[in-house]
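Report on the following structure.
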Amino acid sequence: MSYLAKNLTSGARELIAFRIGDQEFCVNIMSVREIRGWTPATPMPHAPSYVLGVINLRGAVLPIIDLSARLGMKPAEPTVRHVIIVTQVKNKIVGLLVEAVSDILTIRDEDIQPTPDMSSEFERTFARGVLAIDKRMICLIELEAVFPQTESEAA
Amino acid sequence: MDMNEIKEIFFQECEEQLAELESGLLRLNDGDRDPETVNAVFRAVHSIKGGAGAFALDDLVSFAHVFETTLDCVRSNKLEPTQDVLKVMLKSADVLADLTNVARDGGSVDQARSAQLIRELEALAKGEAPPAAEAPAPKAATPKAASAPKPAPVAAAAAPNDEGFVPVAFSFDDFGGEEEAAIEHPAYEVIFKPKSELYTKGNEATLLLRDLSRLGEMSIHCNMDSLPPLDQMDPEAAYFSWKVSIKTDRGEDAIRSVFEFAEWDCELELIAADAGEGADGETEELPMQPVPFDLSALDEEPHAPLGVVEEEEQIAAAQAVTAAQTASNVVQMAANASRAAAADKGAAAAAAAQNNAQQASAAGQTIRVDLDRVDRLINLVGELVINQAMLSQSVIENDSNGVSSINMGLEELQQLTREIQDSVMAIRAQPVKPVFQRMARTVREIADITGKSVRLVTEGENTEVDKTVIDKLAEPLTHMIRNAVDHGLEMPEKRLAAGKSVEGTVKLTAKHRSGRIVIELSDDGAGINREKVRQKAIDNDLIAADANLSDEEIDNLIFHAGFSTADKVSDLSGRGVGMDVVKRSIQALGGRINISSKPGQGSVFTMSLPLTLAVLDGMVVTVAGQTLVVPLTAIVETLQPDAAAIHSFGATQRLISIRNSFCPLVDVGRILNFRATQANPVEGVALLVESEGGGQRALMVDAIQGQRQVVIKSLEANYTHVPGIAAATILGDGRVALILDVDAVVAASRGQPLHLETSLAAAG
């Protein structure tokens, strides 16, 4: 706790890094509630393809998003090795299915580089910046863009 | 505690006082002349004024002050509380409520209206008061003969009031004393004629008479004239009536309070015997020859001087059945009235006469709890239930012999959790009274605007139902009441012409029926004009011009969107968003609404609603490998379709014949997109469901797993609304199951939901 507090006061922030396929991504640790193993989800009718369904999180109904499919990559085939990152944005809680959690990164704001100027939808919608750490490239995800807000309503 | 918290408490108390005020005024309006009722009304206004003064709510104080002054005239018998006076007072109570709301939530009041009422009230206070020396100038009328401050926090807080207001305490004994002490032990004649309902509800004439005898010296005569010969006698009927002469110093109220719990089930006449001629006249009126009757003999054979044993046995059984019910009613009433009861002399007398009531009022203490805390508790208990189910399931899976002590412990745990769940649900249960009281105001306002004379009769106000249901009930009810007064009741001239009383009656009742609450709204108006409804439906393309509809189907047409038969669109109702909105909000609560109407005699709307929105009885089914829950209330019957009963209809539609009528088959898996092609109906099970507009559909599912009570979980909390799905729940294995929205599925199967309604006549 003191470690966390020290880093926060010195203008640093912590991110959780995870892996999907051969790419690495990260999200702000403050929006992560917990990390849990994969349990089969109940499919939802008329849901977008990247919504795998809902699971029971201690009495609450939690929608699970296949982050790989959401980011426009190939849909995941969930196994017991997959993990769900339970995240909270505003007042909604959503689980993100990823392959594995790799790291907790402590970075400073100035470490975040702007995303290279590309014309893909991915860059415009989801990426908030990239990090270069130990020759790895980790993409910082904008969580709010990931959550289905009104798209499924139209379906 | 800071000022805002105190203020919040004040407003909560205001709400209670306003409710007290309104119910008191309504009692006065019904002819109650009990000085205690007037006092209760006065006290309510007085407390509001006192509290408002402490918070410098000047508008509220000045209005309450004028109101109080006028009420004081009534209290001191200077002003007769006639219907006209009470009309002004009821309106004043409404304005007082408005002012309170404005003081709390901001906004503005209709200044003209309150100013007008202040003038009316002042006129009443001045005009009717005798111009004698003690003539009440508004200020002087406020009673200042305070012996000790009223021990209410409001009054205490009111002490440093700039209005020069002094908290007032008045001894109730004094009130009674002024009027009654002058006459020593006045005599009364009581004629008590029980109906058979009295006995079936477990009351007993003997006990009532015995209670009566405790009030003072009395003599009693039994009238057995109406007793038929034994062979014609109905053992469950009531044949006797009693005439009691009693001398008591406790007053009329004490006598009435003896019969408090029986007054609806008996004919009761109470005559002050001082008016000797009057009493004689009454005796002559009734063809009654008093027979001397010994009360002790009554004790030995309470109902059956002829020794009809069955009667006694039946009554004993009835008593046993209703005893618990009666007791709980008493507790309920006492709890609701506990504040009033504590101060109310009449209730105190009743308590003295009724041991039950006394015990109950001692137990009927209440506390105020933040709703969030209750909801949190309910959520936790919901999770406990799920967890317990999961635990049981895994133990059963791992314990093959099934007799271990773990199993027994689990069973007890299951019972306990269920009991906890029931008790927690009961915390949220509230009487429907506040909603009904709001309706009284709605009726008054609309009656004023339409120029009709309307009386609202309410029954079963203490019926309890979950708070969420109550909160969501107000809007549809208001709408329906408006409709009933605006469209249902005729204008006074028309009523006279039809041989009805000028005053229309709107009746609102609530009762429990098989785990649901049934609310009925009836009026004695003209009923539904079926010709007009039909024509309107044809004009609006709702039905074909030659459709052959039953009366019931025509009546139900008024629930369609965009349907309004009012000739001109009025301010109140008839904006074309009437009954369909009502129906939708009732359905959103998991309820149903029905109408029945008799031309010239009025209409009855019947709503049946679940008692809680937290749990639901559902049928657990399998569809395309997924587990779904179908609300049990929607299911009419289940059946295993026969290949011969399935008929193709057009390219994709299929019908199933059930007892010679055809019902469209709806594949739930297909509608929800769980599978790409329609399943073979013969391999599945059909659930016959009742849908909007009375039409039936057969929902195809793969298999039925069983029937279960499930805890409703919101999907919207973390996700969005899903078409065809009402909510979610968590099953014993810990997985989420979706609860089917039957109406949405049926509507989706229709494509265009409303215009295909014409097929209703053809298919039905």
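The values are calculated or read from the model by the stated rules, or taken from the named source; none is laboratory data. Fair warning: this is a prediction, and the values are worked out from it, not measured in the lab. Note: ideal-geometry Cβ built from the backbone for every residue, glycine included; neighbour counts use all protein chains shown.
If only residues of segment B:493-529 that are at pLDDT below 85 and not in a loop (DSSP other than H, G, I, E, B) are counted, the one that is farthest from B:Thr468 (Cα to Cα) is B:Arg513. No other residue among B:Leu688, B:Leu655 is touching a Cys at 6+ places or on another chain (Cβ under 9 Å), more than 14 Å from every other protein chain (Cβ to nearest Cβ) and in contact (Cβ under 8 Å) with a residue 24 or more places away in the chain apart from B:Leu688. For the criterion of being touching a residue at least 40 places away in the same chain (Cβ under 8 Å), part of a loop (DSSP other than H, G, I, E, B) and not aromatic (Phe, Trp, Tyr), B:Ala484 fails. Applying the criterion of being part of a helix (DSSP H, G or I) and modelled with pLDDT under 90 to the residues of segment A:1-29, the residue that is surrounded by the fewest Cβ atoms within 10 Å (Cβ to Cβ) is A:Ser2. Of all residues in segment B:444-458, none satisfies being assigned to a helix (DSSP H, G or I) and within 20 Å of B:Leu589 (Cβ to Cβ). Scanning segment B:639-684 for residues that are among the small types (Gly, Ala, Ser) and within 25 Å of A:Met44 (Cβ to Cβ) yields a total of 4.
So that you can scan it fast, the table gives a plain yes or no per residue for (1) outside the structural domain of B:Gly106 (by TED's automatic domain parsing); (2) within 22 Å of the chain's Cα centre (by Cα); (3) closer than 21 Å to B:Asn101 by Cα:
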residue	(1), (2), (3)
B:Phe10	no, no, yes
B:Cys14	no, yes, yes
B:Leu18	no, yes, yes
B:Glu22	no, yes, yes
B:Asp30	no, yes, no
B:Arg33	no, no, no
B:Glu36	no, no, no
B:Asn39	no, no, no
B:Ala44	no, no, yes
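Do we find that B:Asn718 is within 12 Å of chain A (Cβ to nearest Cβ), within 16 Å of B:Thr622 (Cα to Cα) and not in a helix (DSSP H, G or I) in this structure? Criteria not met by B:Asn718. As for segment B:519-530, it holds at least one residue that is touching a residue at least 60 places away in the same chain (Cβ under 8 Å), farther than 30 Å from B:Trp264 by Cβ, among the basic types (Lys, Arg) and surrounded by 15 or more Cβ atoms within 10 Å (Cβ to Cβ). I'd like the full set of residues that are modelled with pLDDT under 75 and within 18 Å of A:Ala41 (Cβ to Cβ), limited to segment B:723-755. If the condition is that a residue be modelled with pLDDT under 75 and within 18 Å of A:Ala41 (Cβ to Cβ), then B:Gly732 is the only one that fits. Checking the stated criteria, B:Glu236 turns out not to satisfy the condition of being within 16 Å of B:Glu189 (Cβ to Cβ) and in the same structural domain as B:Val190 (by TED's automatic domain parsing). For segment B:605-617, does any single residue satisfy the condition of being assigned by TED's automatic domain parsing to the domain that holds B:Leu473, surrounded by fewer than 18 Cβ atoms within 10 Å (Cβ to Cβ) and modelled with pLDDT of 85 or more? Within segment B:605-617, one or more residues are assigned by TED's automatic domain parsing to the domain that holds B:Leu473, surrounded by fewer than 18 Cβ atoms within 10 Å (Cβ to Cβ) and modelled with pLDDT of 85 or more. For segment B:625-632, state whether one or more residues are more than 14 Å from every other protein chain (Cβ to nearest Cβ) and buried (at least 17 other Cβ atoms within 10 Å of the Cβ). Checked segment B:625-632: at least one residue is more than 14 Å from every other protein chain (Cβ to nearest Cβ) and buried (at least 17 other Cβ atoms within 10 Å of the Cβ). Among residues of segment B:657-703 being surrounded by fewer than 16 Cβ atoms within 10 Å (Cβ to Cβ) and of a type in the set (A, V, I, L, M), the one that is nearest to the chain's Cα centre (by Cα) is B:Ala703. Among the residues making up segment B:54-73, those that are in contact (Cβ under 8 Å) with a residue 40 or more places away in the chain and among the hydrophobic types (A, V, I, L, M, F, W, C) are B:Ala54, B:Phe55, B:Ala56, B:Leu57, B:Leu60, B:Val61, B:Phe63, B:Val66, B:Phe67, B:Cys73. Considering only residues in segment A:59-70 that are more than 14 Å from every other protein chain (Cβ to nearest Cβ) and among the small types (Gly, Ala, Ser), the one that is nearest to B:Ala727 (Cα to Cα) turns out to be A:Ala69. For A:Pro48, the criteria (1) without any contact (Cβ under 8 Å) to a residue 40 or more places away in the chain; (2) within 14 Å of chain B (Cβ to nearest Cβ) hold in every case but one, which is (1).
Residue count for segment A:71-101 under the criterion of being within 14 Å of chain B (Cβ to nearest Cβ) and β-branched (Val, Ile, Thr): the result is 6.
Taking segment B:530-571 as the search range and keeping residues that are closer than 13 Å to B:Asn483 by Cβ and touching a Lys or Arg at 6+ places or on another chain (Cβ under 6 Å), which one is modelled with the highest pLDDT? The residue in question is B:Phe559. Which numbered condition in (1) at pLDDT 80 or above; (2) within 22 Å of B:Val636 (Cβ to Cβ); (3) buried (at least 16 other Cβ atoms within 10 Å of the Cβ) is the only one that B:Gly706 fails? Among (1) at pLDDT 80 or above; (2) within 22 Å of B:Val636 (Cβ to Cβ); (3) buried (at least 16 other Cβ atoms within 10 Å of the Cβ), the lone unmet condition for B:Gly706 is (3). The residue list A:Ile112, A:Ile104 contains one member that is β-branched (Val, Ile, Thr), over 14 Å from the mean Cα position of the chain (by Cα) and away from every other protein chain (no Cβ under 14 Å), which is A:Ile112. Considering only residues of segment B:606-616 that are part of a strand (DSSP E or B) and touching a Lys or Arg at 6+ places or on another chain (Cβ under 8 Å), which is farthest from B:Ile517 (Cα to Cα)? So, considering only residues that are part of a strand (DSSP E or B) and touching a Lys or Arg at 6+ places or on another chain (Cβ under 8 Å), the one farthest from B:Ile517 (Cα to Cα) is B:Met607. For segment B:698-715, the set of residues classified as facing another protein chain (nearest Cβ under 7 Å) and hydrophobic (A, V, I, L, M, F, W, C) consists of B:Leu715 only. For segment B:113-127, a residue qualifies if it is within 32 Å of the chain's Cα centre (by Cα) and among the charged types (D, E, K, R), and exactly one does: B:Arg113. One residue alone among B:Arg33, B:Arg43 is part of a helix (DSSP H, G or I) and basic (Lys, Arg), and that residue is B:Arg43. Taken over segment B:721-732, residues that are within 21 Å of B:Asp422 (Cα to Cα) and facing chain A (nearest Cβ under 7 Å) amount to 2. Can B:Ser196 be described as farther than 26 Å from B:Arg33 by Cα and in contact with a strand residue (DSSP E or B) (Cβ under 8 Å, 6 or more places away or on another chain)? Judged against the criteria, B:Ser196 is not a match. Against the test of being modelled with pLDDT of 75 or more, in a helix (DSSP H, G or I) and in contact with a Cys (Cβ under 9 Å, 6 or more places away or on another chain), the options B:Glu252, B:Glu197 yield a single qualifying residue, B:Glu197.
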